[in-house]
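The values are calculated or read from the model by the stated rules, or taken from the named source; none is laboratory data. Treat the numbers as computed from the prediction; the structure is a model and nothing was measured. Because the Cβ atoms are built from the backbone with ideal geometry, glycine has one as well, and the counts that use them run over all protein chains shown.
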Amino acid sequence: MLDARREDLGRMLRAWRMARDPGLLPGPVPFRGHRSYLTQLDMALLLGVSERWYRALERGEDRTYAREMIAGVVRILDLSPRQATALYRGTGHQPPRHRAGGARPDAALLDLLHQQRRVSWICDQAWDVVAANTVAARHCPWLMHPETNTMTWAFSAEARYQLREWDTKWAVPLLGQLRLAWQRWPDNERLDEVVRTVRREPGVAELWEDTTGVRGDADDAARPMYFPLVAPDPLDVRVATYGRFGDTALRWVVLSPVDPSVVFP
């Protein structure tokens, strides 16, 4: 017998899914067509679970749903803080601490993002990823993980394999950007959390002390990055960051190969 509270949560989740416009999804969609809503199969494909497992969530079945799956549902359906809290608690999880800002790209910016044939994503003031295109999902799958942050990934052990010459070409300029943003927005609690996380990574504390004079705006510098689906050797890329006029809440990041003949499949 289904629990009445969980069954009611499932009905709300179904309504939230049916109200979600597929054209506004933060990531690439695994389906085609012009439907105005998402199906249960769409959700299952986006979450990487079986349709039966996702259907059980909407039915209110008392199962052990992974926290990562719930975070994915929140992200895909763009749930409000109250909706997200209800879904986390209703599935037995503690809701994540509220993140300052909560900026989301509009439909026009998402359309431009998905037209890009380069690795491209959008992040907020604290570098939390809020949207990524199909090319990014293929060549940088970490961007599609729930609650991914560009900076915390860039300083992780995993990143140091893809970001070549990491300590000089990547870590130093990124630390320059991070510390300047940290000073610029002292009230952003999420950004403060990101800084503390980054500084705990191996070797970063020393780099932090040694890079106080770094400008943090060297977007035009070529940096080597490994894309195994593109070439056997690292490629030089430039990292460009764009934003809407007068708006500092979102950053649109584009990785462009220095060699114009390089094409991302």
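Note on the stretch 40-65: residues that are surrounded by 15 or more Cβ atoms within 10 Å (Cβ to Cβ) and part of a loop (DSSP other than H, G, I, E, B) total 4. Looking only at the stretch 54-75, residues that are under 21 Å from ASP8 (Cβ atoms) and in contact with a helix residue (DSSP H, G or I) (Cβ under 7 Å, 6 or more places away or on another chain) come to 13 in all.
Can we say TYR37 is loosely packed, with under 13 Cβ neighbours inside 10 Å and out of contact with any strand residue (DSSP E or B) (no Cβ under 8 Å at 6 or more places or on another chain)? Taking the combined requirement at face value, the residue satisfies it.
Residue-by-condition table, conditions (1) touching a Phe, Trp or Tyr at 6+ places or on another chain (Cβ under 7 Å); (2) assigned to a loop (DSSP other than H, G, I, E, B); (3) not hydrophobic (A, V, I, L, M, F, W, C):
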| position | (1), (2), (3) |
| --- | --- |
| LEU175 | yes, no, no |
| ARG179 | no, no, yes |
| ASP187 | no, yes, yes |
| PRO224 | no, no, yes |
| VAL230 | yes, yes, no |
| VAL237 | no, no, no |
| ASP247 | no, yes, yes |
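Of all residues assigned to the stretch 76-99, at least one qualifies as being outside the structural domain of GLU189 (by TED's automatic domain parsing), closer than 19 Å to ASN188 by Cβ and in a helix (DSSP H, G or I). Across the stretch 13-25, what is the number of residues that are under 17 Å from ARG75 (Cβ atoms), modelled with pLDDT of 90 or more and part of a helix (DSSP H, G or I)? Adding up the residues that qualify gives 3. Of all the residues in the stretch 138-173, those that are aliphatic (A, V, I, L, M) and touching a Phe, Trp or Tyr at 6+ places or on another chain (Cβ under 9 Å) number 6. Of all positions in the stretch 136-143, none carries a residue that is part of a loop (DSSP other than H, G, I, E, B), surrounded by fewer than 21 Cβ atoms within 10 Å (Cβ to Cβ) and in contact (Cβ under 8 Å) with a residue 60 or more places away in the chain.
Given the criteria at pLDDT below 90 and either in contact with a Lys or Arg (Cβ under 9 Å, 6 or more places away or on another chain) or aliphatic (A, V, I, L, M) (or both), does ALA56 qualify? No.
Taking the listed residues ARG238, ARG223, the one that is among the charged types (D, E, K, R), modelled with pLDDT of 90 or more and crowded, with 19+ Cβ neighbours inside 10 Å is ARG223, with no other qualifying.
With respect to the conditions (1) farther than 29 Å from LEU229 by Cβ; (2) at pLDDT 90 or above, ASN188 falls short on a single one, namely (2). Residues considered: PHE245, PHE155. Of these, the only one that is surrounded by fewer than 19 Cβ atoms within 10 Å (Cβ to Cβ), over 23 Å from ARG117 (Cα atoms) and of a type outside the set (Val, Ile, Thr) is PHE245.
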